[in-house]
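Below: one structure, written as structure tokens.
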Amino acid sequence: MSLKARLYIALIIAVGFASVIEAFAGWHSDDLPRFFCYLVVAAVASGLKVNLPSIKGTMSVNFLFILIGVSEMSLGETMVIGCLGTLIQCVWKPKKRVQLVRVVFSIANTAMAIVGAYSLYGTPVAQIKPVLLLLASLVFFFLKAAPIAAVISVTEDKRLAQIWRDCYFWSFPLYVAGASIAWVLSLVSREIHWQGSIILVPILFFIHRSYRLYLGRLDDERKHVEEVANLHLRTIEALALAIEAKDHATHEHLRRVRTYVEEIGKEMKLSDLERDALRAAALLHDIGKLAVPEHIISKPGRMTPEEFEKMKIHPIVGAEILECVGFPYPVVPIVKAHHEKWDGSGYPLGLAGEEIPMGARILAAVDCLDALASDRQYRRAVPLDEAMAQVELLAGRSFDPRVVAVLKRRYRELEQLAQSQPLGKSRLSKDLKIGAGVAPAAGFEVSEGQSAAGGNDFLSSIAAARQEVHLLFELTRDLGSSLSVDETLSVVAARLKRMIPYDAIVVYVVRDGRLVPEYVNGEDFRLLSSLEIPLGEGLSGWVADNRKPILNGNPSVESGYLNSPAKFSHLRSALAVPLEGLHGTVGVLTLYRLEKDAFTKDSLRILLAISAKVSLSIENALKFRQAEDSATTDYLTGLPNARSLYLRLDEEMARCRRTGTMVTVLVCDLNGFKDVNDRYGHLEGNRVLRDVGEALRQHCREYDYVARMGGDEFVVLLSGNDRAVIEERIEELNRIAWQAGTGDLHGLVTMSIGAATFPQDGTDAVQLLAEADRRMYKNKQAQRLERAIIIAASAEASTMATIQ
């Protein structure tokens with residue numbers, strides 16, 4: 001109970017007991033037998049009480065004797081009759097345990113009302129005594145009912161006017177009739193004797209009985225209306241759950257939003273009708289999303305302008321749907337305006353400030369807070385305090401500052417209140433085993449991995465089914481639009497994460513009788529990336545060799561685990577399926593979890609459903625990569641070919657223009673290679689080319705580039721133009737050529753090299769290569785001349801030796 005309520009109750013008790021003291025201070029009785037007779041009858045009449053509708057209170061016909069006392073007896077006698085009757089009314093057959101403070105408050109309230117009525121009737125105007133008695137009954141009614149309505153208002157946080165209208169205003173005619181009966185009894189007492197008025201007492205019983213039956217019917221009708229209203233609300237909530245299932249939200253979202261808006265509506269002093277409308281709007285504000293395509297609502301990323309234009313229709317559609325219901329309170333304006341913003345930048349009507357209905361302002365702020373603090377398909381939830389800080393930043397722009405102020409002050413309290421609210425029945429009996437029914441009319445589908453849908457929460461089942469269809473559609477669409485292996489496998493990993501939770505994923509492909517990790521993500525990345533699993537060995541190797549899936553296998557049996565310095569003993573379960581291509585097994589898709597037996601049959605079913613599409617996509621992507629590599633790679637040496645060389649040289653020259661640096665091109669031609677082919681055959685010549693290419697690749701720096709132009713020509717791109725470094729590299733390349741081949745081939749091949757530097761020797765790739773090629777041939781001619789001179793000198797020396 002609040003301090004304000006305590007102070008108010010204390011004030012009424014103080015005034016009431018002051019009234020009692022005033023009455024007893026002037027105590028006197030003109031006719032004690034009459035007083036005691038009326039006191040006994042009033043005490044009996046106090047037990048003839050009826051329950052007041054809508055509140056925890058009662059009413060008896062005791063007030064009639066108070067009015068008789070006002071007209072015929074002293075204030076003290078009337079006070080005793082009234083206070084005793086009130087005490088009996090409070091303690092006689094109570095529905096709940098009697099509370100002392102309630103009894104004391106009721107007695108004090110009655111005493112205060114008696115003094116007020118007695119003071120009015122005591123006005124010295126004898127000619128209008130009937131009118132005075134009527135007015136005294138109205139004063140008594142007001143002073144009796146108003147304090148009780150006020151204390152209910154402050155303790156139960158209800159509107160005073162509504163309590164007065166619903167609980168007390170209907171009893172106004174009863175007090176008017178009571179004043180008439182009291183005046184008749186007063187006349188009978190004066191004309192005959194007061195004992196004669198006792199014969200009218202049975203009439204009180206019939207009045208009580210009739211009024212009790214009348215109030216009983218009213219109470220039954222009220223209960224019926226409440227039951228219908230509750231049924232209406234539960235129907236609304238069930239519909240709202242179906243709507244939220246389309247949006248992949250939860251029952252907790254509905255509970256939180258409804259609790260928040262109800263409490264804030266109370267604090268903002270909304271009427272009961274407005275609060276009823278706000279409660280219904282909190283459940284149904286997104287019903288218009290039924291007209292928005294599923295792929296837009298479930299999109300995991302940002303919407304396009306066209307998609308947002310489609311999304312903006314849902315407040316209008318929702319309002320049109322709810323207009324057909326005919327709610328007795330203003331739900332439609334709230335639903336239509338719940339996306340309007342305080343500064344007028346919202347939709348659909350662009351309302352601003354006070355133009356927006358108060359219910360819509362409350363709902364907008366609360367819905368935003370809940371959206372930020374809840375998981376959505378396009379982002380993870382943020383902490384509640386951080387979500388509140390973001391909402392506060394939007395006060396005065398998107399939201400009413402007054403609503404945000406109330407929300408900021410009470411959001412922690414409201415969150416606890418929302419969490420304490422029962423969810424109601426949101427589960428269906430899906431764990432039952434039904435014995436009857438051997439097969440459906442169409443028979444069973446035979447499928448390894450066939451399983452029933454899991455989960456007990458019907459909302460989750462609806463959302464999961466819709467999400468599964470949507471994600472499978474997205475996966476199929478994305479797989480069909482990509483020929484990159486990395487891109488294809490990244491898409492598979494991202495989409496699978498939303499359907500089957502996992503801690504690590506590996507896509508193995510078959511190469512030379514082994515499974516090689518082509519894509520790895522998640523826990524134990526380094527260890528899983530290093531595994532090479534022979535077919536038939538380990539978990540994934542067994543799946544590839546036998547072409548059968550494994551559900552909740554042991555990851556530690558993967559081949560290479562025991563010999564690895566790293567361990568992944570914390571990975572406790574694995575789900576693996578074979579990837580079958582057009583010409584056999586392409587590879588294996590394996591998911592790992594930290595928990596034991598973490599995967600379900602549903603997980604296996606989903607994985608099997610997509611395995612065929614993933615297999616074909618991977619097979620196509622691998623073929624595309626192989627074709628792409630062959631288009632840019634020399635088939636003999638494995639080095640980049642001439643096409644790749646020109647592309648790389650263009651990139652290097654563009655980089656040099658940006659950075660102001662230089663690049664040197666070395667064109668290398670093998671001398672004596674034709675003699676190798678003529679003397680030893682083309683197979684040996686090819687081996688020499690492979691040896692030279694491999695040696696060039698190993699002896700060059702990581703940022704240098706080696707390519708085969710064709711035939712016996714190689715090109716090396718060197719960053720920079722340091723002459724000493726270039727000369728050193730040329731000498732090293734000459735040694736590489738001389739060392740190529742083994743046995744009889746050793747030393748038969750040398751190398752002619754020409755160098756050209758960008759931008760001094762050419763401004764494009766063709767000029768640069770042409771200049772390097774010209775210098776290479778000049779070097780080749782110099783080597784031939786040098787070799788001819790050596791041969792001639794050797795021949796001359798041999799001739800001179802013969803002559804001597």
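Descriptive notes on the structure:
- Compared with the direct C-alpha span, the chain from Gln419 to Ala381 gains 12.0 nm at full extension, assuming 0.36 nm per residue.
- Taking Asp343, Asp367 and ordering them by how much accessible surface each has at a 1.4 Å probe, largest first, produces Asp343, Asp367.
- The modelled label-to-label distance for the pair Cys324/Lys310, using points 7 Å beyond Cα in the direction of Cβ, is 2.2 nm.
- Residues Val139, Val103 ordered from highest to lowest accessible area at a 1.4 Å probe: Val139, Val103.
- Per-residue SASA entry for Met499, accessible area with 1.4 Å probe, Å² rounded to 10: 30 Å²
- Point-to-point label distance, Ala10-Phe36, nm (Cα→Cβ direction, 7 Å offset): 4.2 nm
- Around the amide H of Ala504, modelled in the peptide plane, lie the amide H atoms of Glu523, Tyr592, all under 5 Å away and 5 or more residues distant in sequence or on another chain.
- Placing one equal scatterer on every Cα of region 601-719 and applying the Debye formula, the log10 ratio I(q)/I(0) at q = 0.18, 0.23 Å⁻¹ is -0.96, -1.26.
- When only alpha carbons of region 683-744 are considered, Rg and Dmax amount to 12.3, 38 Å.
- Accessible surface for Ser490 stands near 50 Å², nearest 10, in the context of the full protein assembly shown (1.4 Å probe).
- Loop trypsin sites (Lys or Arg not before Pro), region 685-792 (other Cβ atoms within 10 Å of the site Cβ: 12 or fewer; DSSP): Arg701
The values are calculated or read from the model by the stated rules, or taken from the named source; none is laboratory data. Please read these numbers as outputs of a predicted model, since none were measured by experiment. Neighbour counts are summed over all protein chains in view; Cβ atoms, including those assigned to glycine, are modelled from backbone coordinates with ideal geometry. Areas reflect the complete protein model, heavy atoms only, side chains present, ligands, DNA and RNA absent. Shrake-Rupley method; radii C 1.70, N 1.55, O 1.52, S 1.80 Å.
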